[in-house]
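A short write-up of the structure that comes next.
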Amino acid sequence: GIDDLLENVLLVAEVKELKANPDRRAKGIVIEAKLDKGRGPVATVLVQEGTLRQGDIFVCGVFSGRVRAMFNDQGRKIKEAGPSMPVEIQGFDGVPEAGEEFVVLADEKTARRIAETRAAKLREKELAKSSRVTLENFLSQRADAKETLVLNVVLKADVQGSLEAITEYLRNKISTEKVRIEIIHGGAGAISESDIMLAAASNAIIIGFNVRPTAKVKEVAEQEQVDIRFYDIIYKLGEEIKAAMAGLLAPVSKEVYLGQAEVRDTFSVPKVGVIAGCMVPDGKLTRSALARLLRDGVVVYTGKIASLKRHKDDAREVVRNLECGVGLENFHDIKIGDVIEAFEMVEEAASLD
């Protein structure tokens, strides 16, 4: 349908007098957004009216910010962008939804107040969508065998594109007449405490696609008894949920969380590579463990711990509140502030509990 779309665009352009005023505060729409591993939240915005300049204060959906940097379609840094120009913007305090309106405002206080009000209303709306299951309404659902059962899901992904693809896949490919998947909330970025509380209030499970929660968020999830499932392949996600819906889960490899280490400093060692100087705030690290490197809640690397040292000596394990040096197998792009999460895989029978 692209040929028809282009023909209609040209027809509208000929019939209507399309103009925009460049001498006003900028206004546009988000085309795509993601959590970049090195730059934080970034969004591609199409400027529809006005002129957008570096340093402008803006509000976009439930987020506000200041334009710290702009890049054109060729990746070059620019200072301003006029109507009909697409630009990639840094400066968001979160990842906005594709299709959100982007508006430049006069002051930061107003932008923050608008964003906070929108976030509060959105949260109230999401909580109002679902109510806790009671014995009475559960029995009334089960009374009619033809009634469709609903599996509530909170979905978090690393980028907006993955989020939209998984949402469509679950709704159109996995949902059945007997069991419908209802995505009560979806977003790009790390799993947060608000996601846990929403899932608890909605009797939902959380699906994380290429994102991980912090140790504190995991603790909240355990307290609220919220089930979190992690995936990095969309088809594996679909197969496991489909199997769970049919009650046909085969024995699976379960991931057992060991602990996390915060990178406080990095050291370059000749013939070895980069070694991370870490503090273990939670659990423990073992030399034989698998590991993943998290940057702003997003998985950057998955592999093995190649070396583990206490001071200058090799260590089998390093427990909570101790310092250590960690080397990752075939990976050296470690930065201060990253989190190294250790885990191991254990074979066990699958359960729907």
State all residues of the stretch 80-102 that are within 14 Å of Gln54 (Cα to Cα) and either at pLDDT 95 or above or open to solvent by less than 60 Å² (accessible area, probe 1.4 Å) (or both); if no residue qualifies, say none. Ala81, Gly82, Val87, Glu88, Ile89, Gln90, Gly91, Phe92
Residues satisfying the stated conditions in the stretch 49-78, i.e. open to solvent by less than 60 Å² (accessible area, probe 1.4 Å) and among the acidic types (Asp, Glu): Asp56
Give the residue that is most open to solvent (accessible area, probe 1.4 Å), with candidates limited to residues of the stretch 1-46 that are under 30 Å from Val95 (Cβ atoms) and acidic (Asp, Glu). Glu32
Six or more apart or on different chains, Cβ atoms under 9 Å: show the pairs whose first residue is in the stretch 75-91 and in contact (Cβ under 8 Å) with a residue 12 or more places away in the chain and whose second is loosely packed, with under 12 Cβ neighbours inside 10 Å and part of a loop (DSSP other than H, G, I, E, B). Pro83/Lys19; Pro83/Asn21; Ser84/Leu18; Met85/Asp73; Pro86/Asp73; Val87/Asp73; Glu88/Asp73; Glu88/Gly75
Which listed residue is touching a residue at least 60 places away in the same chain (Cβ under 8 Å) and within 29 Å of Glu116 (Cα to Cα), from Gly40, Gly50, Gly65: Gly40
Just one listed residue, out of Asp195, Asp232, Asp265, is open to solvent by less than 30 Å² (accessible area, probe 1.4 Å), touching a residue at least 40 places away in the same chain (Cβ under 8 Å) and of a type in the set (Asp, Glu), and it is Asp195
Provide a single number: the residues in the stretch 211-220 that are surrounded by fewer than 19 Cβ atoms within 10 Å (Cβ to Cβ) and in contact with a strand residue (DSSP E or B) (Cβ under 6 Å, 6 or more places away or on another chain). 1
From the list Glu97, Glu17, Glu88, exactly one residue is within 24 Å of the chain's Cα centre (by Cα), more than 18 Å from Thr110 (Cβ to Cβ) and not in a strand (DSSP E or B). Which is it? Glu97
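The values are calculated or read from the model by the stated rules, or taken from the named source; none is laboratory data. Not measured: the values here are computed from a predicted model. Because the Cβ atoms are built from the backbone with ideal geometry, glycine has one as well, and the counts that use them run over all protein chains shown. Heads up: the accessible areas ignore ligands, DNA and RNA and are worked out on the full protein's heavy atoms, side chains in. Shrake-Rupley method; radii C 1.70, N 1.55, O 1.52, S 1.80 Å.
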